[in-house]
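Q: Pasting a structure below so you can have a look.
Every number here is computed from the coordinates shown, using simple stated rules; none is lab data. Quick caveat, the model's predicted, so the values are computed rather than measured. Cβ coordinates were reconstructed from backbone atoms using ideal geometry, including for glycine residues, and neighbour counts include every protein chain displayed.
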Amino acid sequence: MTPQPAAWTIASIMLLLSGCSDRGTAPPPQPQETGVKPGVSRPRVIQPPPVVQARLRTESVALHAVPEIVTAPGEVSLDLKQVAKITSRIDGQAELIHVQLGDHVKKGQPLAAIASLQLDQLIEEHLVSKARADVAENNFRRTEKLRADDIVPERKLIEDKGRYLETRAHYLHVREKLLNMGLTATELLPLESGRHEERHRYTLTSPITGTVVAQNVVRGQGVTPGNELFEIVDTSRVWVFANLPIEQARKFKEGDTGTITPKGGEPVTAPLTYLAPVADETTRTILVRFEVANAQGQLKPREYVDVTLMLAGRPAIAVPVTALTTVENQRGVFVRRDQGFAFAPVDSGREGGGWVEIRKGLSDQDTVVTEGVFDLKNVLLKEHIGSGE
């Protein structure tokens, strides 16, 4: 047997060792799928003690229409249909004052009595014109009968009729003056029948039911037409004004309902009754007005209030506001898991009507904690501190 060269022997040994090395080298282990993205920690599942679990309330996530809330500062104003400024229509002197500042008055209630020479003269003219009109009418009626019997000529009938129409027109004109001054037909009746006093007073009465909020006359004071003597307001209904940005005002219409909340008071609802057709030149906002029932007087004219309007939103995944909390600067909710509860960060959207829209972070298969969130947060923080993380 021929001996092999030493070089061939060394080469064979090297090839053998190389083959053994390839077969014995295992591929590096691959990371298993964990469902958690790199750099994101798995949500901590906590198991609250029984005392905390007893206080928890949960609710399944579902689609809910979250309304869009529009708020604006507002101001309470008097309803101008509920305001009356009382003035005298003749010159005179205040002889009697029947009411004073703060009194509640009814429609038609006397406020003040004004003695007036002008009134006396007008009443005298009224009585004279009434008498002349009565005489002219009697003559005309008698002439009508005589003309029917062909006793008087046609011209006589025409003359008497013309005189009657003239005197009656003058009488009605004077009577209308007295009525425009505030006297009623009932008050004129005793004058025309001869039952009246020698001196007459012009009585100012309230045109509305309300409260006297201004008194600018005292007994003995001279008055002239146009002078404001009293102001009476009825605050059982008031106006509330607010200014909305144009883009927000476009979303509403007359008849929509708003909520008016006074400082420290209970909110009340009211219809939207006016949207200004022209934007404010300075603020570029739209003036809106609400008519508010105010029978109890809870709203005071000139006070500031908060005005809230709501627009129905589209259905979206939403949770009650009470479910939201903040952990380590992240807003989220506690979600029920098989082993307990886990904090889930969420991306929230619109809030309104006690609901919050959830854009990301939840599905309609989840169940969230709506009561006892603060207790769960405390448990989570304690575990976090205890673990030294």
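Q: What is the set of long-range amide H partners of ARG331 at a cut-off below 5 Å, with H atoms built 1.01 Å from backbone N?
A: Placed amide hydrogens put VAL346 under 5 Å from ARG331.
Q: Counting only residues 5 or more places away or on other chains, whose amide H sits under 5 Å from the amide H of THR285 once H atoms are built in the peptide plane?
A: Hits under the 5 Å cutoff: ASP280.
Q: With the crude spin-label approximation of a point 7 Å out along Cα→Cβ, what separation in nm comes out for SER60 versus THR224?
A: So the label points at SER60 and THR224 sit 8.2 nm apart.
Q: Right, another one. Please give the contour-minus-distance gain from LYS360 to LEU165: 0.36 nm per residue of separation, less the Cα-Cα distance, rounded to one decimal in nm.
A: Full-extension gain reported as 61.3 nm.
Q: Tell me the volume per residue, in Å³, of the convex hull enclosing the alpha carbons of the range 240-389.
A: Each residue corresponds to 179 Å³ of Cα convex hull volume.
Q: On to the next question. Sticking with the crude label model, points 7 Å out along Cα→Cβ, report the distance from ARG336 to TYR304 in nm, one decimal please.
A: For ARG336 paired with TYR304, the spin-label model returns 4.6 nm.
Q: What's the local net charge at VAL369, with K and R +1, D and E -1, over the other residues with C-beta under 14 Å away?
A: Every neighbour counted, the sum reads +1.
Q: Which FRET efficiency, nearest 0.05, do GLN47 and ILE69 yield, Cβ-Cβ r, R0 56 Å?
A: 0.90
Q: Moving on. Please go through the residue pairs LYS360/LYS382; LYS263/LYS300; LYS263/LYS377; LYS253/LYS360; LYS81/LYS177; LYS85/LYS300 and name each one whose alpha carbons sit more than 22 Å apart in this structure.
A: Pairs exceeding the cut-off: LYS360/LYS382; LYS263/LYS377; LYS253/LYS360; LYS81/LYS177.
Q: Here's another thing I want to ask about it. Please list 3J(HN,Hα) in residue order for the range 296-307, calculated via the Karplus relation 6.51 cos²θ - 1.76 cosθ + 1.60 where θ = phi - 60°; whole Hz, with x for glycine and proline.
A: Listing the rounded values in order: 8, x, 6, 9, 10, x, 6, 8, 8, 9, 9, 10 Hz.
Q: Return the ratio Rg/(2.2 N^0.38 Å) for the range 116-155, where Rg is computed over Cα atoms only.
A: Compared with the compact-globule rule of thumb, the range 116-155 sits at 1.80.
Q: Quick one: which residues, 5 or more positions from VAL305 or on another chain, have an amide H under 5 Å from its amide H? H modelled 1.01 Å from N in the peptide plane, none for Pro or chain starts.
A: Answer set, sorted by chain and number: GLY74, GLU75, VAL76.
Q: What's the FRET efficiency of LYS253 with GLN118 using the Cβ-Cβ distance as r and R₀ = 51 Å, to the nearest 0.05?
A: With R0 = 51 Å, the Cβ-Cβ based efficiency is 0.45.
Q: What percentages make up the Cα-Cα pair-distance distribution of the range 118-277 when the bins are 10 Å wide from 0?
A: 8, 20, 18, 15, 14, 13, 8, 4, 1
Q: Expressed as a whole number of Å, what is the distance separating the alpha-carbon centroids of the range 311-355 and the range 74-153?
A: With the range 74-153 and the range 311-355 each reduced to a Cα centre, they are spaced 72 Å.
Q: Using 7 Å Cα-to-Cβ label points, what is the GLU176/GLN109 separation (nm, one decimal)?
A: 3.4
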